[in-house]
1. Looking at this structure, is I243 at pLDDT 95 or above, among the β-branched types (V, I, T) and either in the same structural domain as W378 (by TED's automatic domain parsing) or part of a helix (DSSP H, G or I) (or both)?
2. Taking G266 as meeting all but one of (1) at positive phi; (2) modelled with pLDDT under 85, write down the number of the exception.
3. Tell me, please, whether a residue that is free of Cβ contacts under 8 Å to residues at least 60 places away in the same chain, assigned by TED's automatic domain parsing to the domain that holds S57 and closer than 27 Å to R84 by Cβ can be found in the stretch 103-114.
4. When you look at P48, is it outside any helix (DSSP H, G or I) and not hydroxyl-bearing (S, T, Y), yes or no?
5. Can you name every residue in the stretch 87-104 that is within 17 Å of L118 (Cα to Cα) and under 21 Å from the mean Cα position of the chain (by Cα)?
6. Would you point out which residue out of G384, G365, G361 is in contact (Cβ under 8 Å) with a residue 60 or more places away in the chain, in contact with a Cys (Cβ under 8 Å, 6 or more places away or on another chain) and within 18 Å of N66 (Cα to Cα)?
7. Residues in the stretch 63-94 that are closer than 11 Å to C121 by Cα, of a type in the set (S, T, N, Q) and touching a residue at least 60 places away in the same chain (Cβ under 8 Å): how many?
8. Please determine, by comparing only the residues of the stretch 51-64 that are surrounded by 24 or more Cβ atoms within 10 Å (Cβ to Cβ) and among the hydrophobic types (A, V, I, L, M, F, W, C), which one is nearest to the chain's Cα centre (by Cα).
Amino acid sequence: MATAPYAVEVAAPPAPPISLSAAFNLFVIGLTAFLTVVDLFATQAILPALATHYGVSSAAMGVAVNSSTLGMAAAGLLVAIFSRHLNRRLGVMLSLIALALPTTLLAFAPDLNSFAALRVCQGALMSAAFTLMLAHLGERCTVSAAGGAFAAYVTGNVASNLFGRLLSASLVETLGLHWNFYLFAALNVLGGVLVAATLSRAQPLLSLQGSGASPLAALLAHAKNRQLRISFAIGFCILFAFIGVFTYVNFVLIKPPLSVPPQYAGLVFLVFAPSIVTTPLAGWAVKRLGARTAMWLGLGAAMIGLPMLLSPALPWVLAGMVLAASGTFFAQATATGFVSRSAKDDRAAASGLYLACYFLGGMVGTAVLGALFESQGWAGCVAGVAGALLMAGVLAIRMRESPA
């Protein structure tokens, strides 16, 4: 899924009316987020076409497409370890430009293994750009500006889930698989150019060094923090559930009784549009209700949507998809803010660990729920998603806010 894993909620006094230049800066932040992860889940929208192209099962194709999460988990951890020594602007720019190479090569992947390997490479480069951009925002934003900057980044990530899928489905239907990857490679390069043109070279407002502890020591300290461990486990469950729904529903939509025509399949992903509005509300809910209650609200909304996914009527299935998307994005925004508040020091390392667990959950979810989909059908897959959401809800019982 593709929401911002480290959104930071910063208490700030009411802001004056936003200026035109500030609005433009927020737009650029959101657009950068969009171009960074637009490849991540766009390929899910064309899963049936890819499965037919390679002559493999839906589960096998789902694992190959979502193997990008493996690269993201590994790169998120590595960037967290070495982030103190990496130039943020240069790292984001080079990662996005380099991302165009595996994206282009996907058009020529001769078999499923090579396709999966290229998706791992894509995930690693997206994760590097993603993590370094968040570090850049955290270090260069004042307290009063941080809330808006991270909200813009979250919104850009959520928007990429919607428009990336719509674009990919439309391109495959009109121009074919090859041109889909060519255009997304062009978007990768555009992201690098945007960063080169807009990202500040100024010195950070906050120190990059954090505490004097080594990166490995910081990671071990975070692993010993009970609240962070709970956050990591919840993140694992959230993407496990999200990726199960929005990977395998593609195969359900095109078959009877739903039988959505291929030319309209991409429009189904307008179900992500409400999430662009609801996701930023997570910060508001946490401030007024607490992280635990906000988490239960998001998970509860997703759970309510699951029975609807089993309906033979398309409107009910679409309503279930809206609730599943909005609920998991809301829960994800709550979890990432909780990670930031629970980390005692070196938040970059904490975020890296969270990202690793989050995307590992996506990879495991793809495999486990794919096996359930093949053996037990869509109902078995949805039951597995329900189990992950319930587990996240149980874990949330132990969420405790750290004292200010």
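1. Numbers: at pLDDT 95 or above: no; among the β-branched types (V, I, T): yes; either in the same structural domain as W378 (by TED's automatic domain parsing) or part of a helix (DSSP H, G or I) (or both): yes.
It is false that I243 is at pLDDT 95 or above, among the β-branched types (V, I, T) and either in the same structural domain as W378 (by TED's automatic domain parsing) or part of a helix (DSSP H, G or I) (or both).
2. (1)
3. No, the stretch 103-114 has no match at all.
4. Details: outside any helix (DSSP H, G or I): no; not hydroxyl-bearing (S, T, Y): yes.
For P48, the condition - outside any helix (DSSP H, G or I) and not hydroxyl-bearing (S, T, Y) - is not met.
5. If we filter the stretch 87-104 for residues that are within 17 Å of L118 (Cα to Cα), which is where we start, we get 95-104.
Those that are within 17 Å of L118 (Cα to Cα) and under 21 Å from the mean Cα position of the chain (by Cα): S95, L96, I97, A98, L99, A100, P102, T103.
6. Working: G384 fails: in contact with a Cys (Cβ under 8 Å, 6 or more places away or on another chain); G365 fails: in contact with a Cys (Cβ under 8 Å, 6 or more places away or on another chain).
Result: G361 is the single residue among G384, G365, G361 that is in contact (Cβ under 8 Å) with a residue 60 or more places away in the chain, in contact with a Cys (Cβ under 8 Å, 6 or more places away or on another chain) and within 18 Å of N66 (Cα to Cα).
7. Total meeting the criteria: 2.
8. A64
The values are calculated or read from the model by the stated rules, or taken from the named source; none is laboratory data. None of these values were measured; they are calculated from a predicted model. Here Cβ is always computed from backbone atoms with ideal geometry, including for glycine, and neighbour counts include all displayed protein chains.
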